[in-house]
Amino acid sequence: MSLAEQARRRVTQRLMPFLLVLYFLAYIDRTNVGIAKIGMQRELGFTDEVIGLGAGIFFLGYLLLEIPGTLIVERWSARLWIGRIMITWGIVATLMGFIQTAKQFYWLRFALGAAEAGFFPGIIVYLSHWYRAEDRSRAKSFFLIAQPIAQVLGLPLSRLIMEQVHWGGLAGWRWVFILEGIPSIVLGVITLFYMTDQPRQAKWLPEDQKAWLTGELERERAAKVAAGRAGVWSAFRHPQILLLAVVYFFVVAGNQSLAFFLPSITDAMSSMSVTARTIVTMLPYVCGFFGILVNGWLSGRTTERRWHVAVPILVTAGALAGAVGAEGHVWLVVVFFCLAGFSAAAYLPPFWTLPTALLTKSGAAVAIGLINTIGSMGGMFGPYIFGYLKTATGEFAVGLWFLVGCLLISGLLATRIRT
């Protein structure tokens, strides 16, 4: 085995399982409202519009610290900042179990977004400290599979807690937030001791592997610095970064709406048993696990990015359109949802290699924060409009057509990406 392969393998074995667990917890704490909403609506009388607005307000909190947080990871310490993020978001996520009013729900969702701001883009920046450009798509696919894993395992776990745990006289939906928030606090403390900021600080990396990796990354950064692609303002001036931000806005608007409301959509399939509806809710995310790995592997092998971003988004739009058109044919709808699940997140590994391929240092950090901030606005916009349309019309079809439109715009814009 070559020195390069030894270094890559050791870094992956050390970092990826831990980062995957962190993102797993983050995604559960962000999306468990999709299950808990059923109990919240029953006990607190929240409408789909209230839930949709609360789901969206989470992303408004991102706007406060997203770009500053990403710069902190680049210039100061990923270990300390990500540890801080996990501890604070774990506390806020736990407090969600004690809300009584819609106003409290809105404020805590906003606080959860502010607490988590900088986590995802910070990890993307952090991975650029450990992987060369040609290795990042595959590395990010390993990290990003935490998303469908969280959805596959988190949905039945949240359902189990909501139905079976009623300790202390609290409703099950409250324990969903409490029991799924506490592990984030614990892992946040562990993060402060486990993570390593840079390869040169890694005592667990042999000296020859450390020297090779440091040299490779430094040569890559030096070339971009020489081209003037390292400053903070380069992110705001680069047309491709702005295009990526718009692409991400529409794809997040579409995908987040589906993530929050899919449990409710399947619950409306009254001809199926509860067990069958739970399995149907999980199936798209099982498919998503393979979609991320396959597309990340293909993009890494071919080093092509544009079509590995655009095609999955367009396939998702087509699959959702098929689901709407197949209304009344339950199992055909399920097939289309599975296809949408396979493609919905498959674009992510090649997409997130683009900012660090175009820029480096502070420029790349700001670009990642900017793209994720704009996407967060899509995450606020999408669920609210979807929830409003469901409340206004009493059915999901109009909202699903809205998602199709968002994804179609995103996919068509993605065909204009230039690397």
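Please treat every number below as a calculation from the coordinates, not as lab data. Here the structure is a predicted model, which means the values were calculated and not measured. Virtual Cβ from ideal backbone geometry, glycine too; neighbours counted across all protein chains shown.
Between A397 and K103, take the C-beta separation as r, use R0 = 35 Å, and let me know the FRET efficiency to the nearest 0.05. Computed FRET efficiency for A397 and K103: 0.65. Given +1 at the Cβ of Lys and Arg, -1 at the Cβ of Asp and Glu and no other charges, the dipole of the chain around its Cα centre is 1040 debye to the nearest 20. Only lysine pairs 8 or more places apart or on separate chains count here, and in the chain those with Cα atoms under 19 Å apart total 4.
For the listed peptides 53-64, 345-356, a ranking on the average number of other beta carbons within 10 Å per residue, highest first, reads 345-356, 53-64.
When you restrict to C-alpha pairs under 8 Å that are six or more residues apart and normalise by the size of the chain, the relative contact order lands at 27 percent. Estimated from the Cβ-Cβ distance and a Förster radius of 41 angstrom, the FRET efficiency linking D208 and S77 is about 0.95. Farthest toward the dipole's positive end in the stretch 1-123, which of G39, P121, Y106, given Cβ charges of +1 (Lys, Arg) and -1 (Asp, Glu) about the Cα centre? Most positive-ward Cα: P121. Note on V330 and E5: with the Förster distance fixed at 41 Å, the Cβ-Cβ geometry gives a FRET efficiency of about 0.30. What the Cα atoms of the stretch 7-414 give is an Rg and a Dmax of 20.6, 64 Å. Think of the chain as having a plus end and a minus end, set by charges on the Cβ of Lys, Arg, Asp and Glu; of M377, A93, V73, V73 sits farthest toward the positive end of this dipole.
Rounded to the nearest 500, the helix-only mean residue ellipticity at 222 nm of the chain stands at -27500 deg cm²/dmol, with each DSSP H run of n ≥ 4 adding -39,500 (n - 2.57). Packing order of peptides 165-173, 26-34, highest average first: 26-34, 165-173 (average count of other Cβ atoms within 10 Å over each peptide's residues).
Length gained on full extension, R219 to E163: 14.7 nm, using 0.36 nm per residue less the C-alpha separation.
For the stretch 201-212, putting each phi into the Karplus relation 6.51 cos²θ - 1.76 cosθ + 1.60 with θ = phi - 60° gives couplings of 9, 7, 5, 8, 9, x, 4, 5, 5, 5, 5, 4 Hz, in residue order, rounded to whole numbers and with x for Gly and Pro. Highest mean packing comes first when the peptides 396-403, 359-366, 174-181 are listed by Cβ atoms within 10 Å, giving 359-366, 174-181, 396-403. Positive contributions from Lys and Arg (+1) and negative ones from Asp and Glu (-1), summed over other residues with Cβ under 14 Å from the Cβ of F105, come out at +1. Between helix 306-325 and the chain there is an angle of about 10 degrees, using the helix long axis and the longest principal axis of the Cα atoms.
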